[in-house]
Amino acid sequence: MPSNAISLKHLGKDATAGLVVYLVALPLCLGIALASDAPLAAGLISGILGGLVVGSLSASHTSVSGPAAGLAAVVAAQIAQFGSFSAFLVAVVLAGVIQVALGLARAGFIASFFPSSVIKGLLAGIGVILLLKQLPHVLGHDADVEGEMAFLQPDGENSITELLAAFFDIQPGAALIGVCSVILLLLWDRIRLLKKSPIPGPLVVVLLGVGVNWLLKLLGSQWVIDGEHLVQVPVGQKGEIFSQLLVFPDWSVLVNPAIYFAAFTLALVASLETLLNLDAVDELDPKQRHSPPNRELIAQGIGNVFTGLIGGIPMTSVIVRSSVNIDSGNKTKLSAIFHGVLLLISVLVFPHLLNSIPLAALAAILLVTGLKLASPALFRKMWVEGKQQFLPFAATVVFIVLTDLLTGVLIGLAVAIAFILRSNFRRPLRLFKEKHIGGEVLRIELASQVSFLNRASLEKALRSVAQGGNVLIDARKTEYIDPDILDLIYEFRAKTAPAHDVTLSLLGFKDEYKQLDDRIEFVDYSTQELQAALDSDAVLDILKEGNARMCRGERLTRDLKRQISGTASGQAPLAVILSCIDSRTPAEHVFDLGIGDIFSVRIAGNIAREKVLASIEYGCKVAGAKLIVVMGHTSCGAVTAAVNFKLANERASEETGCEHLDVLTDEIQKAMPLVSSEVVGDDPLRKQGYIDEVARANVVQTIDVIRKSTTIDALLREGAVHIVGAMYDVSKGNVKFI
């Protein structure tokens, strides 16, 4: 059985989840239709088909489709543009066809190309529109004002006037229900007991609205809500209900070119919102199942074709209903189908009950939804993230409110792209001066996109390389290189570099640039010539600089394969480093060294016994190393053990069962008398400080032992070798030389 198939063994859980989703979806379907300036029945039709059609065709286990608040602004604007709802339905049908085509063309990846700042701006812009549009309805201003969306348009003649008019046309009963509903919904999200309740807040708000209005009617109050302030779903004989609910497209509008642009706008926005919601829902899924985006586009497209043909508003995958579906413990997509069945039954069997719902209650649900989408916390968060995130976000919000959703998203995307281009133009490349063993190298790091506009900057950088210098062009982070840039590099390699005795190295160039093979040409490992040219002071400087780079996280660029082949026939180490076997103290990493640069002698506690001395003697006398470094480290396990065994008057071999361990601990314990610090048994910090001082004294003691070697002593007297001590801090990464 396919993984997304319906299983009857989960029927009970899916039915329960579908019921909860239905209770949430019913007021939302009506509220979103209200926000869209569409017939309220259109929201119900969209919800029914979202469950029955899309629910059946989708491969998602958890996604629930229906009318979306994100499309409300677009729908309202397009209904006003074409002058009738039936004309608008043609755009819905065409949008569905476009979505099916997008799914067949495997365009489900498009959501990945929109920056998060623009997506957050899209949601916040929708939230602002919902706040502005639903506030009058919360106060009972439900008159069908011509061009109700005008106050969202920059050229609306009565924009401010119509918005302010709502505050002078308040229906007291509706305002009472609306304000109380908003307060209840806000508290519902803040009181833990209510938030975890299996009863959804929107359902309680609807029941509250119906109950309060019933009570007002019972008391004979003048605040009773009726007429235009209530939901108005057509009611008649059962056979007449469908004829009163259904609206069919006015196909004559096909001669209007604007209908095709409207359809494209709907398809793009609906597809984008669906794909984004689908990703979000998959993240919420406890089983972490993946919903195929292309299959979802096809399902949504077919659903929108059907909804457009019979009078529904466009639908998408909806995050609110989907998250409720998951929280209610659904197992398969049967829960989404079942919620559609319940919506259909409610329209056929008890439409009278739907018509008792105050519009103010539905408006409160939408207003709180808008507040969540455009929360002050979101604006603060985007501000803190910097102008590169805030400006695209703010531009998206502003232009969605002032124009329309698609225009706002495109302008926000343009602002985000402008920042990317500005960053590339300002910093098309970064310059680093790397001090390798063989000399200084200018590393030019290219940006992710290098266009012809960056040619001048690169040419200037290349010409700044001194006579006989080294330059490395690093394209490891680059995705695209303009042909003009490639021509510049070809020319520099063929003419300019040889003329100025400049060594050009390349790194990170892709397979398509076959004439620019990756290769490091400068010397980045120790050779016989370099070893002979350096003295001990120069080698010590190399080690100090390497440790500083390691601490900064700026390791040198190396070609390890070239180092392997270059040292295969022989080695010329610059130093011998005696260090502990501790896994945290690899000398090559501590000093940012390459293959063949040092002899690394490692033994627990960095002590100098006969075999260790033999290795050091060979490294200096035979291999020609110029420097000996004895490196201890903080929090050394060997030193800690030696100190503890000494204080307890115990033998390491007896306590651990390691028969040869006494050789190490006995040697380290010789350094303890050199430390004057007192051990405070009850103070771990002071004891650790004492142990680290013993480790330092052990380094000094080891140096004295090495000096007693006749071979090393002769080299020291000749000045051919120098010896230094060092302590490595395992918590900070830095080395202090003694």
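The values are calculated or read from the model by the stated rules, or taken from the named source; none is laboratory data. The structure displayed is predicted, hence computed values, not measured ones. Using ideal geometry, Cβ is built from the backbone for each residue, glycine included, and neighbour counts are taken over all protein chains shown. Side chains are part of the model used for accessible areas, which takes the heavy atoms of the whole protein and leaves out ligands, DNA and RNA. Shrake-Rupley method; radii C 1.70, N 1.55, O 1.52, S 1.80 Å.
If you go through region 539-585 and keep only what is under 14 Å from ASN734 (Cα atoms) and touching a Leu at 6+ places or on another chain (Cβ under 8 Å), you end up with LEU543, GLY546, ARG549. Taken as a whole, the condition of being outside any helix (DSSP H, G or I) and open to solvent by less than 30 Å² (accessible area, probe 1.4 Å) applies to ILE473.
Here SER322 does not qualify as part of a loop (DSSP other than H, G, I, E, B) and among the small types (Gly, Ala, Ser). The single residue among ASP704, ASP683, ASP713 that is loosely packed, with under 13 Cβ neighbours inside 10 Å and closer than 24 Å to TYR618 by Cβ turns out to be ASP704. For region 175-184, the criterion of being at pLDDT below 85, in a helix (DSSP H, G or I) and either open to solvent by less than 90 Å² (accessible area, probe 1.4 Å) or under 30 Å from GLY18 (Cβ atoms) (or both) is met by none of the residues. Checked against the criteria, SER635 does not count as without any contact (Cβ under 8 Å) to a residue 12 or more places away in the chain and either crowded, with 16+ Cβ neighbours inside 10 Å or of a type in the set (S, T, N, Q) (or both). Does region 476-524 hold any residues that are touching a Gly at 6+ places or on another chain (Cβ under 9 Å) and either in a loop (DSSP other than H, G, I, E, B) or among the basic types (Lys, Arg) (or both), and which are they? Those that are touching a Gly at 6+ places or on another chain (Cβ under 9 Å) and either in a loop (DSSP other than H, G, I, E, B) or among the basic types (Lys, Arg) (or both): ARG476, LYS477, THR478, HIS500, ASP501, VAL502, ASP518, PHE522, VAL523, ASP524. Identification of helices (runs of 4 or more DSSP H) wholly contained in region 7-126 with 2 or more residues that are open to solvent by less than 20 Å² (accessible area, probe 1.4 Å) and modelled with pLDDT under 80 yields 11-35.
Let's see how each residue does on (1) outside any strand (DSSP E or B); (2) of a type in the set (A, V, I, L, M, F, W, C); (3) open to solvent by 40 Å² or more (accessible area, probe 1.4 Å); (4) touching a residue at least 12 places away in the same chain (Cβ under 8 Å):
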residue	(1), (2), (3), (4)
ILE581	yes, yes, yes, yes
THR585	yes, no, no, yes
GLY605	yes, no, no, yes
ALA608	yes, yes, no, yes
LYS621	yes, no, yes, yes
MET631	no, yes, no, yes
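Across region 470-484, the number of residues qualifying as more than 25 Å from ILE437 (Cβ to Cβ) and at pLDDT 90 or above comes to 0. When the residues of region 258-290 are filtered to those that are at pLDDT 85 or above and not hydrophobic (A, V, I, L, M, F, W, C), the one that is nearest to GLN78 (Cα to Cα) is THR265. ALA608 passes every criterion in (1) over 23 Å from VAL721 (Cβ atoms); (2) in contact with a Leu (Cβ under 9 Å, 6 or more places away or on another chain); (3) of a type in the set (Gly, Ala, Ser) apart from (1). Consider region 718-738. How many of its residues are of a type in the set (Asp, Glu) and assigned to a loop (DSSP other than H, G, I, E, B)? Total satisfying the criteria: 1. Going through (1) outside any loop (DSSP other than H, G, I, E, B); (2) more than 31 Å from the chain's Cα centre (by Cα) one by one, LEU272 falls short only on (2). When ILE542 is tested against the conditions (1) β-branched (Val, Ile, Thr); (2) touching a helix residue (DSSP H, G or I) at 6+ places or on another chain (Cβ under 7 Å); (3) open to solvent by 10 Å² or more (accessible area, probe 1.4 Å), the lone failure is (2). Flag set for ASN649, criterion: at positive phi and surrounded by fewer than 17 Cβ atoms within 10 Å (Cβ to Cβ). If you go through region 441-451 and keep only what is open to solvent by 10 Å² or more (accessible area, probe 1.4 Å) and under 14 Å from ALA497 (Cβ atoms), you end up with just LEU442. Would you check if LEU506 is in contact (Cβ under 8 Å) with a residue 60 or more places away in the chain, buried (at least 18 other Cβ atoms within 10 Å of the Cβ) and closer than 27 Å to ILE437 by Cβ? No. Of all the listed residues (SER317, SER322, SER356), the sole one being open to solvent by 10 Å² or more (accessible area, probe 1.4 Å), touching a helix residue (DSSP H, G or I) at 6+ places or on another chain (Cβ under 8 Å), within 27 Å of LYS195 (Cα to Cα) and hydroxyl-bearing (Ser, Thr, Tyr) is SER356.
Scan region 337-348 and tell me whether some residue there is in contact with a Lys or Arg (Cβ under 9 Å, 6 or more places away or on another chain) and modelled with pLDDT of 85 or more. Yes: region 337-348 contains one or more residues that are in contact with a Lys or Arg (Cβ under 9 Å, 6 or more places away or on another chain) and modelled with pLDDT of 85 or more. Out of everything in region 452-470 that is of a type outside the set (A, V, I, L, M, F, W, C), assigned to a loop (DSSP other than H, G, I, E, B) and touching a strand residue (DSSP E or B) at 6+ places or on another chain (Cβ under 8 Å), what residue ends up being least open to solvent (accessible area, probe 1.4 Å)? Looking at the filtered set, the residue picked out is GLY469.
For region 545-567, name all the residues that are within 27 Å of THR585 (Cβ to Cβ) and open to solvent by 60 Å² or more (accessible area, probe 1.4 Å). Selection gives GLU545, CYS551, ARG552, GLY553, GLU554, ARG555, LEU560, LYS561, ILE564. Residue pairs whose Cβ atoms lie under 6 Å apart, separated by 6 or more positions or on different chains, with the first residue in region 713-738 and more than 12 Å from HIS633 (Cα to Cα) and the second among the hydroxyl-bearing types (Ser, Thr, Tyr), are HIS722/SER536. Taking every residue in region 186-215 that is under 14 Å from LEU362 (Cα atoms) and free of Cβ contacts under 8 Å to residues at least 24 places away in the same chain and pairing it with any residue that is surrounded by 11 or more Cβ atoms within 10 Å (Cβ to Cβ) and not aromatic (Phe, Trp, Tyr), at least 6 positions away or on another chain, the pairs with Cβ-Cβ distances below 8 Å are GLY201/LEU184; GLY201/LEU185; GLY201/ASP189; GLY201/LEU194; VAL204/LEU184. For region 378-437, the set of residues classified as modelled with pLDDT under 80 and at positive phi is empty. Counting only residues that are at pLDDT 80 or above and either under 17 Å from VAL24 (Cα atoms) or touching a Phe, Trp or Tyr at 6+ places or on another chain (Cβ under 9 Å) (or both), region 188-210 holds 8 of them. Does GLU654 satisfy the condition of being surrounded by fewer than 24 Cβ atoms within 10 Å (Cβ to Cβ) and under 44 Å from the mean Cα position of the chain (by Cα)? The answer is no for GLU654.
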